[in-house]
Amino acid sequence: MDRPTALRLYETMLLTRLVEERLVLLYKQGHTMGSVYRSLGQEATACATALALGPQDIIGPMIRNLGSMLARGVTPKEIFLQYLGRAAGPSGGREHNNHFGGMARGIVAPTSMLGALIPVMAGVALGFRQRGEARVAMTWIGDGGSSTGAFYEGLNFAVVQKLPLIVVGESNGFAYSTSPEKQMKGPMSARSQGATTLVVDGNNSLEVLEAAKRARQVCLEGEGPVFLVCETFRMKGHAEHDDQRYVDPAQVEAWSKKDPLVHLEAWLRGQRWLPDPSHLKRLGDTVESQAEEAVSLR
Ligand SMILES: Cc1ncc(C[n+]2csc(CCOP(=O)(O)OP(=O)(O)O)c2C)c(N)n1
Ligand SMILES: [Mg+2]
């Protein structure tokens, strides 16, 4: 791990948190078109995975993976405009949340249907292989979403065709208000269907980054897809309208001690690589000014 990579990881996770916090404010003020789906506590599973890729690779994020889009250069302003449903936004006001993409930055737009992106991204990976290109496709799935038929079909196809696909499994304790044991039997990693399976501490961004790099290597060596399961926890309700009253507060308290940003910050301090505070302040100022700009646009 070199210093620029570690700092980029930290800044991308911090940016994700700041953008989401500002989105929550906009939601509470009644500005957003729909609810806000936080990735609080899961920034590493969205950011460290995407940052392990090359610019030629393609991602297919889900709703809790805003960080992966920021990692690929989407700006806070675009995200604010999108959530506000503005004509100047990426989807021209026709969609909300992070339902937009763009091939220039290698992003397939998130779908609402859980699991549907797995066969789509397997198709992207098939295209890479057929053209003989050294590229990989990456997508994400929740513990709940990994019970869908589309997940099984898509991953099975990638396994038998040995496609360069990384499926990041977000094992975060809930699917809306349903706990995983009521959704599926056994751990998420048991659903790999023969794909190379890696299980990591999803709140340790350094571990996630290393595992995602390894997953990419496995794919590029023609070994087929990788199911990268990140053990983590959803620190907020399903979205801002959900007060998570069904979650044991002791569980939230326990996981708050494993905050991925705090973890990385402590590691950076140990390395004497802490970022310049004025630089971080500029990051916060940029988020604020881009939010204000988006609100002022129609
Ligand atoms: C096929 C399908 N079924 C149900 C829904 C409604 N729905 C949206 S998110 C969600 C829970 C998702 O849980 P999980 O996959 O664990 O992801 P997480 O929210 O925990 O990140 C449900 C049931 C949907 N979007 N698609
Ligand atoms: Mg879940």
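Summary table
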| read-out | value |
| --- | --- |
| Spacing of the two label points (7 Å from each Cα toward its C-beta) at residue 1 and residue 160, in nm | 4.1 nm |
| Long-range amide H partners of residue 142 with built H, under 5 Å | 170 |
| Extension reserve of the residue 243-residue 185 stretch, reckoned as 0.36 nm per residue once the Cα distance is removed | 18.2 nm |
| Relative contact order computed over region 3-296 (Cα-Cα under 8 Å; 6+ residues apart), in percent | 23 percent |
| In degrees, nearest ten, helix 117-130 long axis to first principal axis of the chain (Cα) | 60 degrees |
| Region 3-296 - Kirkwood radius from inverse mean 1/r over Cα pairs (Å) | 19.2 Å |
| Considering only the chain, percent of DSSP beta bridges that pair antiparallel, nearest 5 | 10 percent |
| Where the chain is the region considered: accessible area per residue in Å², 1.4 Å probe | 43 Å² |
| Nitroxide proxy distance, nm - points 7 Å out along Cα→Cβ at residue 283 and residue 177 | 3.6 nm |
| Pairwise centroid distance, computed over Cα atoms, of region 67-91 with region 4-55, Å | 12 Å |
| In Hz, Karplus ³J(HN,Hα) per residue of region 47-64 (6.51, -1.76, 1.60; θ = phi - 60°; x = Gly, Pro) | 8, 5, 5, 5, 6, 7, 8, x, x, 7, 7, 10, 10, x, x, 10, 4, 8 |
| Region 105-179 versus region 185-208: alpha-carbon centroid distance in Å | 14 Å |
| DSSP-loop GluC sites (Glu not before Pro) across region 194-250, with at most 15 other Cβ within 10 angstrom | 221, 223 |
| Residue-averaged 222 nm ellipticity for the chain, from DSSP H runs of 4+ at -39500 (n - 2.57), nearest 500 | -14000 deg cm²/dmol |
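The values are calculated or read from the model by the stated rules, or taken from the named source; none is laboratory data. Not measured: the values here are computed from a predicted model. Note that each Cβ is placed from the backbone with ideal geometry, even for glycine, and that neighbours are counted across all protein chains shown. The protein model used for the area step is the full one, side chains on, heavy atoms only, and it has no ligands, DNA or RNA in it. Shrake-Rupley method; radii C 1.70, N 1.55, O 1.52, S 1.80 Å.
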